[in-house]
1. Any chance you could run the full-extension gain for ALA149 through LEU10? It's 0.36 nm times the residue separation minus the Cα-Cα distance, nm to one decimal.
2. For a Förster distance of 35 Å, can you work out the FRET efficiency between the beta-carbons of LYS50 and ARG2, rounded to the nearest 0.05?
3. With the cut-off at 1.5 for a/c, could you classify segment 1-102 from its C-alpha gyration tensor as rounded, prolate or oblate?
4. If you roll a 1.4 angstrom probe over the protein chains with everything in place, what fraction of the accessible area of segment 7-131 belongs to carbon and sulfur, to the nearest %?
5. Per residue, how much accessible area does segment 1-133 have with a 1.4 Å probe, in Å²?
6. Taking the Cα-to-Cβ direction at THR59 and at ILE97 and moving 7 Å from each Cα, how far apart do the two end points lie in nm?
7. Given labels modelled 7 Å from the Cα in the Cβ direction, how far is it in nm from ASP106 to THR37?
8. Which value in nm describes the separation of the simple spin-label points at ARG68 and GLU18, placed 7 Å from the Cα toward the beta carbon?
Amino acid sequence: MRHGVKGRKLGRTSAHREALFRNQLQSLMERERIKTTLPKAKELRPIAEKVITHGKHGTVHARRWVLRWIPDRDVVKKVFDDIAPRFSERPGGYLRIVKLGPRRGDGAEMAVLELVERSADAAPASAPAAGEKGTKKPAKRGAMAAAAARLAGAARLRRGKPAAGEAEEPKKARGGTAKPGKPKTARKKPVKKDGATEE
(Lines give C-alpha, C1' and ligand atoms only; values in the text may rest on other atoms or scores of the structure.)
Protein backbone atom coordinates (compact mmCIF):
# COMPACT_ATOMS: atom_id res chain seq x y z
CA MET A 1 0.00 0.00 0.00
CA ARG A 2 1.23 3.48 -0.74
CA HIS A 3 -0.37 5.36 2.15
CA GLY A 4 1.02 8.86 2.59
CA VAL A 5 3.36 8.63 -0.41
CA LYS A 6 3.41 12.10 -1.89
CA GLY A 7 4.78 13.47 -5.17
CA ARG A 8 5.48 12.21 -8.68
CA LYS A 9 8.70 10.42 -9.61
CA LEU A 10 8.63 11.80 -13.19
CA GLY A 11 10.74 8.84 -14.37
CA ARG A 12 13.87 10.14 -12.60
CA THR A 13 15.99 9.35 -9.59
CA SER A 14 15.60 11.66 -6.60
CA ALA A 15 18.87 13.51 -7.35
CA HIS A 16 17.91 14.00 -11.02
CA ARG A 17 14.43 15.16 -10.03
CA GLU A 18 15.83 17.70 -7.55
CA ALA A 19 18.28 19.03 -10.18
CA LEU A 20 15.38 19.37 -12.63
CA PHE A 21 13.36 21.41 -10.12
CA ARG A 22 16.33 23.65 -9.32
CA ASN A 23 16.88 24.43 -13.00
CA GLN A 24 13.18 25.05 -13.63
CA LEU A 25 12.88 27.18 -10.48
CA GLN A 26 15.79 29.38 -11.53
CA SER A 27 14.30 29.84 -15.03
CA LEU A 28 10.89 30.62 -13.51
CA MET A 29 12.27 33.31 -11.19
CA GLU A 30 14.41 34.84 -13.98
CA ARG A 31 11.68 34.97 -16.65
CA GLU A 32 8.59 34.81 -14.38
CA ARG A 33 6.99 32.34 -16.82
CA ILE A 34 8.01 28.91 -18.13
CA LYS A 35 6.45 26.33 -20.42
CA THR A 36 6.71 22.71 -19.28
CA THR A 37 4.65 19.53 -18.98
CA LEU A 38 1.62 19.58 -16.70
CA PRO A 39 2.92 17.05 -14.11
CA LYS A 40 6.23 18.95 -13.79
CA ALA A 41 4.35 22.25 -13.36
CA LYS A 42 2.14 20.72 -10.65
CA GLU A 43 5.21 19.45 -8.77
CA LEU A 44 7.16 22.71 -9.15
CA ARG A 45 4.44 25.12 -8.01
CA PRO A 46 4.55 24.28 -4.24
CA ILE A 47 8.35 24.62 -4.17
CA ALA A 48 8.21 27.98 -6.00
CA GLU A 49 5.51 29.29 -3.65
CA LYS A 50 7.63 28.37 -0.61
CA VAL A 51 10.58 30.22 -2.17
CA ILE A 52 8.46 33.38 -2.61
CA THR A 53 7.10 33.07 0.96
CA HIS A 54 10.67 32.90 2.30
CA GLY A 55 11.44 35.93 0.13
CA LYS A 56 8.67 37.83 1.95
CA HIS A 57 10.31 37.08 5.33
CA GLY A 58 13.55 38.72 4.21
CA THR A 59 15.72 37.21 6.97
CA VAL A 60 19.22 35.79 6.60
CA HIS A 61 17.89 32.31 7.36
CA ALA A 62 15.23 32.71 4.62
CA ARG A 63 17.89 33.85 2.13
CA ARG A 64 20.03 30.80 2.93
CA TRP A 65 16.98 28.52 2.56
CA VAL A 66 16.28 29.99 -0.90
CA LEU A 67 19.95 29.56 -1.85
CA ARG A 68 19.47 25.82 -1.35
CA TRP A 69 17.02 25.82 -4.27
CA ILE A 70 18.42 28.66 -6.41
CA PRO A 71 22.24 28.69 -6.55
CA ASP A 72 22.46 31.92 -8.60
CA ARG A 73 22.78 34.85 -6.17
CA ASP A 74 21.52 37.40 -8.71
CA VAL A 75 18.25 35.48 -9.07
CA VAL A 76 17.93 35.18 -5.27
CA LYS A 77 18.39 38.97 -5.04
CA LYS A 78 15.60 39.40 -7.59
CA VAL A 79 13.32 37.11 -5.53
CA PHE A 80 13.89 39.14 -2.33
CA ASP A 81 14.01 42.66 -3.84
CA ASP A 82 11.53 42.46 -6.74
CA ILE A 83 9.24 39.42 -6.73
CA ALA A 84 8.43 38.98 -3.00
CA PRO A 85 7.44 42.67 -2.38
CA ARG A 86 4.86 42.37 -5.17
CA PHE A 87 3.05 39.70 -3.16
CA SER A 88 3.30 41.37 0.27
CA GLU A 89 -0.52 41.63 0.57
CA ARG A 90 -1.25 38.18 -0.90
CA PRO A 91 -1.25 35.26 1.57
CA GLY A 92 -0.32 32.61 -1.00
CA GLY A 93 -1.32 31.53 -4.50
CA TYR A 94 1.49 33.38 -6.26
CA LEU A 95 1.55 31.16 -9.35
CA ARG A 96 -0.96 29.94 -11.90
CA ILE A 97 -0.91 26.94 -14.24
CA VAL A 98 -2.48 27.42 -17.68
CA LYS A 99 -3.05 24.23 -19.67
CA LEU A 100 -1.95 24.32 -23.32
CA GLY A 101 -3.07 20.91 -24.60
CA PRO A 102 -1.03 17.99 -25.91
CA ARG A 103 2.49 18.35 -27.31
CA ARG A 104 2.75 17.50 -31.00
CA GLY A 105 5.63 15.03 -30.76
CA ASP A 106 4.58 12.67 -27.98
CA GLY A 107 1.16 13.91 -26.85
CA ALA A 108 2.37 15.03 -23.40
CA GLU A 109 0.05 17.54 -21.71
CA MET A 110 1.76 20.95 -21.78
CA ALA A 111 1.21 23.91 -19.45
CA VAL A 112 2.52 27.38 -18.66
CA LEU A 113 3.58 28.08 -15.08
CA GLU A 114 3.65 31.83 -14.42
CA LEU A 115 3.53 34.40 -11.65
CA VAL A 116 0.08 35.87 -11.07
CA GLU A 117 1.50 39.43 -10.94
CA ARG A 118 4.24 39.76 -13.53
CA SER A 119 6.39 42.83 -14.10
CA ALA A 120 6.05 44.84 -17.31
CA ASP A 121 9.55 43.95 -18.55
CA ALA A 122 8.85 40.21 -18.09
CA ALA A 123 5.69 40.40 -20.24
CA PRO A 124 6.13 39.15 -23.82
CA ALA A 125 6.65 41.76 -26.53
CA SER A 126 3.55 42.57 -28.56
CA ALA A 127 3.29 41.41 -32.17
CA PRO A 128 4.31 43.98 -34.84
CA ALA A 129 1.54 46.08 -36.35
CA ALA A 130 0.19 45.34 -39.85
CA GLY A 131 2.33 48.04 -41.53
CA GLU A 132 5.53 47.23 -39.63
CA LYS A 133 7.96 44.54 -40.65
CA GLY A 134 8.60 41.75 -38.19
CA THR A 135 11.98 40.48 -37.18
CA LYS A 136 14.08 38.79 -39.84
CA LYS A 137 14.36 35.03 -39.80
CA PRO A 138 17.72 33.83 -38.55
CA ALA A 139 20.35 33.08 -41.18
CA LYS A 140 20.42 29.46 -40.05
CA ARG A 141 16.92 28.86 -41.42
CA GLY A 142 17.84 30.40 -44.76
CA ALA A 143 20.91 28.16 -44.97
CA MET A 144 18.80 25.12 -44.08
CA ALA A 145 16.24 25.99 -46.76
CA ALA A 146 19.01 26.43 -49.35
CA ALA A 147 20.53 23.07 -48.40
CA ALA A 148 17.12 21.40 -48.69
CA ALA A 149 16.63 22.94 -52.16
CA ARG A 150 20.07 21.67 -53.25
CA LEU A 151 19.23 18.17 -52.04
CA ALA A 152 15.88 18.24 -53.82
CA GLY A 153 17.59 19.37 -57.06
CA ALA A 154 20.17 16.59 -56.79
CA ALA A 155 17.41 14.04 -56.24
CA ARG A 156 15.56 15.29 -59.33
CA LEU A 157 18.72 15.01 -61.41
CA ARG A 158 19.26 11.44 -60.23
CA ARG A 159 15.74 10.61 -61.39
CA GLY A 160 16.44 12.23 -64.74
CA LYS A 161 14.19 15.24 -64.17
CA PRO A 162 15.47 18.82 -64.55
CA ALA A 163 16.00 20.97 -61.45
CA ALA A 164 13.37 23.50 -60.38
CA GLY A 165 14.93 26.43 -62.29
CA GLU A 166 15.66 24.58 -65.55
CA ALA A 167 13.20 24.21 -68.42
CA GLU A 168 11.84 20.73 -68.98
CA GLU A 169 12.50 19.14 -72.38
CA PRO A 170 9.38 18.33 -74.41
CA LYS A 171 8.41 14.66 -74.31
CA LYS A 172 8.72 12.54 -77.41
CA ALA A 173 5.52 11.67 -79.25
CA ARG A 174 5.73 8.02 -78.36
CA GLY A 175 7.34 6.33 -75.38
CA GLY A 176 8.10 9.39 -73.22
CA THR A 177 11.61 10.27 -72.10
CA ALA A 178 14.33 7.65 -72.17
CA LYS A 179 16.13 6.79 -68.97
CA PRO A 180 19.63 8.26 -68.87
CA GLY A 181 22.36 5.76 -69.75
CA LYS A 182 20.03 3.27 -71.48
CA PRO A 183 19.54 3.96 -75.21
CA LYS A 184 16.39 2.55 -76.76
CA THR A 185 16.98 -0.29 -79.21
CA ALA A 186 14.95 -0.97 -82.31
CA ARG A 187 12.36 -3.72 -82.02
CA LYS A 188 13.23 -6.90 -83.81
CA LYS A 189 10.61 -8.28 -86.11
CA PRO A 190 9.48 -11.81 -85.22
CA VAL A 191 10.80 -14.51 -87.52
CA LYS A 192 8.54 -17.35 -88.76
CA LYS A 193 9.79 -20.91 -88.77
CA ASP A 194 9.99 -21.03 -92.54
CA GLY A 195 12.43 -18.06 -92.57
CA ALA A 196 10.04 -15.34 -93.85
CA THR A 197 9.53 -12.27 -91.70
CA GLU A 198 6.11 -11.20 -90.52
CA GLU A 199 4.98 -7.74 -91.55
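The values are calculated or read from the model by the stated rules, or taken from the named source; none is laboratory data. Owing to the predicted nature of the structure, the values given are computational and were not obtained by experimental measurement. No Cβ is skipped: glycine too gets one built from the backbone with ideal geometry, and neighbour counts run over all protein chains shown. For accessibility, only protein heavy atoms count, side chains too; no ligands or nucleic acids. Shrake-Rupley method; radii C 1.70, N 1.55, O 1.52, S 1.80 Å.
1. Numbers: separation 139, 0.36 × 139 = 50.04 nm, distance 4.13 nm.
That works out to 45.9 nm of additional length.
2. On the way: r = 24 Å, r/R0 = 0.69.
FRET efficiency, LYS50 to ARG2: 0.90.
3. On the way: a/c = 1.68, a/b = 1.48, b/c = 1.14.
Prolate is the answer for segment 1-102, as a/c is 1.5 or above and a/b outweighs b/c.
4. Summing carbon and sulfur atoms, their accessible area is 50 percent of the total for segment 7-131.
5. Numbers: 8640 Å² over 133 residues.
Per-residue value: 65 Å².
6. 3.1 nm
7. Spacing of the two 7 Å Cα→Cβ label points: 0.5 nm.
8. For the pair ARG68/GLU18, the computed spacing is 0.9 nm.
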